[in-house]
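Report on the following structure.
No value in this document is a laboratory result; all are computed from the given coordinates. Since the model is a prediction, treat every value here as computed from it, not as a measurement. Quick reminder, even Gly has a Cβ in these numbers, built from the backbone with ideal geometry, and neighbours come from all protein chains shown.
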Amino acid sequence: MTHTLETSKDSRHLVLAVYGMWGHTKPLCSLAARLVKTRHVYVTLFTTPWFYDRVEQEVLKSFDEHELDARARLRLIALEATREGFLEMDGFNAAFEKAYQALVQEQSLACAKTAKEHGPVPNPNAVVLDIFGSKMLRTVRKLSPKPVKIYGWVVTCTGSYHLLMGMESPNKNKDIRARIHEEVQKSGRSIREVAAETFFSPEGRVINIPGVPPMFDYEAFTQKEIMPVSEGGLVRMCDAEFTDNCDGIVIATPQCLESPESLKAMLKYYEGEIHVLGPMLPVATKDKIPQKRPSEEAQEIDDFMTRALESHGPSSLIYVSFGSLWWSTEPEKIWAFTDVLIERKIPFIFSYASPFAQVPNDVREKVKKAGTGLFFPWSPQEYILSHPVTGWFVTHCGFNSLIESIASGVPMICWPYQADQPVNAMYLTENLDVAYELFEVRTGHGLKPICRTGRTPKGTLDAVRQEANQVLDLAFGEDGKEKQAKIKKLQGRFAQAWEEQGPAQLALERFIDNISTSDLSLPSVAWQYV
């Protein structure tokens with residue numbers, strides 16, 4: 001059966017596609033929902049079969065029962081694909097090309113997960129792709145019968161984006177890529193090897209990122225790589241190529257989280273459109289609260305938080321999570337930290353979703369005997385953060401995690417690893433003053449001197465325990481109360497961002513207006529200071 005929609009000639013159609021990162025896919029669900037709820041536009045959201053159910057549940061969070069028309073204009077379609085490496089996307093790219101060909105010919109499309117057939121909608125006006133989707137970008141350019149704007153989807157703050165894109169000076173990333181290609185030609189080595197060596201061999205030079213304190217280049221690697229860096233260089237190359245060739249970027253960051261210096265630098269170093277749209281969270285109505293997954297584990301978590309609230313009071317529990325990937329190569333530092341929580345009788349929930357994570361039996365037994373903690377490979381993060389018992393979030397500073405923490409009014413204790421996390425942590429602690437950062441838990445390059453403090457971490461287990469006690473003393477003292485007050489104010493600004501005349505809502509309206517502009521040569525700025 002084909003599901004058709006009534007369309008009009010002036011309707012606009014956006015295509016959104018992200019391949020294999022849930023951290024990028026989750027906020028894209030919010031963007032898709034906000035687009036169809038804001039204007040009478042059509043959105044085709046492409047995902048993978050293995051993400052389909054999670055995407056569907058995330059999308060449904062943003063709709064009420066009376067919004068069936070808007071929900072119908074958001075078409076969720078899984079493309080045929082196999083589980084491949086981070087950049088090994090040939091199957092998904094081929095499926096995207098086939099699907100996009102059908103879209104531009106205004107033909108029906110079937111979902112590879114549900115077999116549901118979606119009827120034709122107007123030709124795409126714009127496409128939003130993850131910034132490592134260079135092949136998909138070329139597909140859109142090749143197949144589109146009319147000018148179509150292509151935007152890169154960026155899920156981090158602008159300061160971290162400066163670091164990842166090498167925007168310390170104009171054309172720096174282009175210069176780096178030219179140097180990599182030159183070395184490949186001269187040495188005969190693979191581009192994979194040369195790119196990894198170039199991007200992941202810090203020299204100890206000072207990096208000046210607009211809007212944040214200076215840092216040494218090795219501070220971008222606060223922990224040893226838990227995975228080989230062989231793919232990392234190609235990721236950077238792919239991101240830079242996409243950024244050079246797209247028409248604009250959409251950054252899923254709240255304006256109230258950004259520094260004016262960082263935003264101004266984005267305008268200086270980037271020539272395309274810039275749309276600052278955030279926070280990208282589910283569009284929940286006022287009577288909705290984050291829901292926990294119906295399961296025995298979720299019930300155990302709920303019962304534990306209820307008991308902790310009764311015995312220890314509000315804001316007494318610490319939630320620990322390093323996301324779905326990251327884990328320390330020296331996990332004994334993790335257990336040293338949990339030892340301190342046990343000794344201080346602080347209730348905690350520890351979520352360990354990383355495929356590299358293993359919790360030793362003796363640690364489990366110690367926590368079980370103490371009765372003050374829980375370990376789970378999965379946890380309902382938004383639900384835990386929104387619970388009145390939760391006082392602090394020990395986080396790797398992945399962007400979605402910090403956004404959800406601020407949205408819940410929960411200050412953070414930062415334990416960053418790599419990618420955008422070190423800059424995110426620095427921004428939370430130094431600029432916003434809503435977090436503490438742990439330094440003794442660092443490994444590898446992270447044990448070198450810290451630019452902004454002049455301090456060199458010892459990295460011993462005794463140093464980890466000592467720092468943990470110092471930070472927890474502060475967190476549960478007067479200094480911690482001040483940070484809680486500051487993050488509550490920031491939480492209020494998050495809530496205001498999507499009000500009728502809020503900065504995020506106005507920026508979204510300008511973005512929708514911009515996608516129908518036929519002249520692709522004119523750069524546009526879609527943010528303002530508020």
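The figures follow:
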read-out: Antiparallel bridge percentage (DSSP; both residues within the chain; nearest 5); value: 5
read-out: Estimated distance in nm for a label pair at Ala370 and Arg54, the labels positioned 7 Å out from Cα along Cα-to-Cβ; value: 2.9
read-out: Test item: Cα-centred dipole of the chain, Lys/Arg +1 and Asp/Glu -1 on Cβ, debye; value: 360
read-out: Helix-only mean residue ellipticity at 222 nm for the chain, each DSSP H run of n ≥ 4 adding -39500 (n - 2.57), per residue, nearest 500; value: -13000 deg cm²/dmol
read-out: Packing rank of 297-306, 403-412, where each peptide gets the mean count of other beta carbons within 10 Å, highest leading; value: 403-412, 297-306
read-out: Of Ala94, Gly23, Val154, farthest towards positive along the dipole that unit charges on Lys, Arg, Asp, Glu beta carbons give segment 2-154; value: Val154
read-out: Sites Thr460 and Glu343 - FRET efficiency at Förster radius 22 Å, r taken between beta-carbons, to 0.05; value: 0.80
read-out: Proportion of all alpha-carbon pairs of the chain beyond 38 Å (%); value: 28
read-out: Residue-wise HN-Hα coupling along segment 358-363, computed from phi with Karplus coefficients 6.51, -1.76, 1.60 (Hz; x: Gly, Pro); value: 9, 9, x, 4, 5, 5
read-out: Cα centre as origin, Lys/Arg/Asp/Glu Cβ charges: segment 296-494 dipole, Debye; value: 460
read-out: Between 0 and 90°, nearest 10: helix 461-475 axis offset from the chain longest Cα axis; value: 80
read-out: Sites Lys146 and Ser108 - FRET efficiency at Förster radius 22 Å, r taken between beta-carbons, to 0.05; value: 0.60
read-out: Ranked packing of 443-455, 46-58, most packed first, by mean Cβ within 10 Å; value: 46-58, 443-455
read-out: Spin-label pair Thr329/Asn123, simplified geometry with 7 Å Cα→Cβ offset, distance in nm; value: 5.2
read-out: In degrees, nearest ten, helix 90-104 long axis to first principal axis of the chain (Cα); value: 40
read-out: Compactness of segment 159-280 - radius of gyration and Dmax, Cα, Å; value: 15.3, 48
read-out: At R0 = 25 Å, FRET efficiency that the Cβ-Cβ distance of Arg189 and Met21 yields, to 0.05; value: 0.35
read-out: Net dipole in debye of segment 240-388 [+1 Lys, Arg Cβ; -1 Asp, Glu Cβ; about Cα centre; nearest 20]; value: 600
read-out: Crossing angle, helix 232-245 versus the chain [Cα axis fit, 0-90 degrees, rounded to tens]; value: 40
read-out: Cα-projected label distance for Lys116 with Gln496, points at 7 Å along beta-carbon direction, nm; value: 3.8
read-out: Radius of gyration and Dmax over the Cα atoms of segment 2-154, both given in Å; value: 14.2, 41
read-out: Linear extension gain, Ala178 paired with Asp362, 0.36 nm per residue minus alpha-carbon span; value: 61.1 nm
read-out: Globularity index of segment 296-494, i.e. its alpha-carbon radius of gyration over 2.2 N^0.38 Å; value: 0.96
